[in-house]
Amino acid sequence: MLRTGFNNARVRQTNKQVFLGHLWREKQLSKSRLAQITGLSIPAVSNILQELLDEGRITHSRENLSQRGLNSGSFQIPTDGAWLLCMNVSPTHISSQLADSRLLPIGDVQHETISAPQPTALISAIAAHWRRYRKQHPQAIINLALGVHGQVDPVTGVSQTMPQAPWKAPLEIRYLLEEQLGIQVRLDNDCVMLALAEKWQNPAALEDFCVINVDYGIGSSFVINDRIWRGSLYGSGQIGHTIINPDGMACDCGRYGCLETVASLSALKKQARIWLKSRPGNQSLDPDNLTTAQLIDAWRRGEGPVRAWVENAASAIGLSLYNFLNILNINQIWLYGRSCAFGEPWLNTIIRQTGFNPFDHGDTPKIKATQIGFGQLTPGQQLLGSGYLYVEALLSEV
């Protein structure tokens, strides 16, 4: 939707940002299609496109996209720019997706198990992963986009806290990698990566929505008025550290009874290990080497109290979401993470516990009614979310 400003220059700048946003989403559009999307006249669209062409922000192709046979060609983001290696990084695992200058995927998602007991080992593992891609594509400039668990300062590129890491000090990931590799590096929280992936690749995403990642821990990210809400300390979205039970288990954050101590995969595994050790005759599962897949399989078989723990975890998530629905009035929520493998029963418990949104009346239009569901983006699309850190930075410079 185009917005009017206080003067012609501001209107022109906003219109150029809108055009570029559509081209980043659609990758290639005709002049007539841009006029249809924006509601502007063909002469106005032509003027804006010419400015973007003159600035080198877009290119023109003779490929005809019009259904009416009018051969005015099409427009796209330039194909000769730097590529991006989009990564999701933790001290134990790296997942990556290579993309070209238009953020179109190249090849398949890659996974690597790593061991990073010290910060230097993590930096070395990321650099080695990048170098393997660089060796395969020596002709390309390949910049890095990282999604990192925990609190991240996206301006300085510093990982402030990384809950899965054995170290507690901040880590200057951006500076260290740029110095070592001689490329551009951008990073943000892994849930921000998911939110950007939804915003740019899901046509059904609204201007206000939330993504929640229920995995080792529980994180979330909010998009409000089509913008990521980070907070002044870049700690927005810490739903995992909302208090469920003040007298509950100790959390890594130093408080007691956080949602993560009840509803995360690490909390469920801990409960299962304690239960298994109290039953030494049970040889089907090794409490010291319990995997996520084994936990989910035990839940499906209805083994022991696992179903009750999972139900309790889903209820706790639902109650926390109810508070967010009331406070922020965000009615579109996408769930990601390995806990989604618990399936529809787990999701339905979450939805039931949200009760009803007091702002959601029976006559509310469907598009504004509360929507809670599993995210539909593929692993590759999820990883590409971190690449849109570059896109948003480019749009802010127009």
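Being buried (at least 24 other Cβ atoms within 10 Å of the Cβ), of a type in the set (G, A, S) and closer than 21 Å to T92 by Cβ is a condition met by no residue of region 183-198.
Of the helices (runs of 4 or more DSSP H) contained entirely in region 114-211, those carrying at least 2 residues that are within 24 Å of G375 (Cβ to Cβ) fall at 190-201. Return only the number of the condition from (1) open to solvent by 20 Å² or more (accessible area, probe 1.4 Å); (2) touching a residue at least 24 places away in the same chain (Cβ under 8 Å) that K168 does not satisfy. Every listed condition holds for K168 apart from (2). The condition (being assigned to a loop (DSSP other than H, G, I, E, B) and within 23 Å of the chain's Cα centre (by Cα)) is satisfied by just one residue among I317, I330: I330. Residue selection: P163 satisfies the criterion of being of a type outside the set (D, E, K, R) and surrounded by 15 or more Cβ atoms within 10 Å (Cβ to Cβ). The residue of region 257-275 that is most open to solvent (accessible area, probe 1.4 Å), among those that are more than 18 Å from E303 (Cα to Cα) and without any contact (Cβ under 8 Å) to a residue 24 or more places away in the chain, is T261. Within the span defined as region 141-149, every residue fails to be without any contact (Cβ under 8 Å) to a residue 40 or more places away in the chain and either of a type outside the set (G, A, S) or open to solvent by 10 Å² or more (accessible area, probe 1.4 Å) (or both).
Sub-6 Å Cβ pairs linking a first residue in region 381-398 that is closer than 11 Å to A99 by Cα to a second residue that is in a loop (DSSP other than H, G, I, E, B), at least 6 apart or interchain, are L384/L103; G387/L103, ordered by first then second residue. Checked against the criterion of being under 30 Å from Q118 (Cα atoms) and surrounded by 14 or more Cβ atoms within 10 Å (Cβ to Cβ), the candidates L85, L34, L40, L23 yield just one match: L85.
Please work out if T156 is open to solvent by 60 Å² or more (accessible area, probe 1.4 Å), among the hydroxyl-bearing types (S, T, Y) and within 24 Å of the chain's Cα centre (by Cα). Yes; evaluated as a whole, the condition is true for this residue. Can you name every residue in region 90-113 that is open to solvent by 40 Å² or more (accessible area, probe 1.4 Å), more than 24 Å from D80 (Cα to Cα) and not in a strand (DSSP E or B)? If the condition is that a residue be open to solvent by 40 Å² or more (accessible area, probe 1.4 Å), more than 24 Å from D80 (Cα to Cα) and not in a strand (DSSP E or B), then T92 is the only one that fits. Residues in region 214-240 that are in contact with a Ser or Thr (Cβ under 6 Å, 6 or more places away or on another chain) and of a type in the set (F, W, Y): Y216, W229.
Of the residues making up region 225-234, one or more are buried (at least 19 other Cβ atoms within 10 Å of the Cβ), closer than 27 Å to L187 by Cβ and not aliphatic (A, V, I, L, M).
Selection within region 313-345: residues that are more than 16 Å from F374 (Cα to Cα) and of a type in the set (F, W, Y). The member of this set that is most open to solvent (accessible area, probe 1.4 Å) is Y322. For region 1-40, which positions are modelled with pLDDT under 85 and in a helix (DSSP H, G or I)? Result: N8, A9. Selection over region 370-398 of residues that are modelled with pLDDT of 95 or more and part of a loop (DSSP other than H, G, I, E, B) gives a count of 4.
The values are calculated or read from the model by the stated rules, or taken from the named source; none is laboratory data. The model shown is predicted, which means the values in this text are computed figures rather than measured ones. Every residue, glycine among them, receives a Cβ derived from its backbone with ideal geometry; neighbour counts consider all protein chains shown. For accessibility, only protein heavy atoms count, side chains too; no ligands or nucleic acids. Shrake-Rupley method; radii C 1.70, N 1.55, O 1.52, S 1.80 Å.
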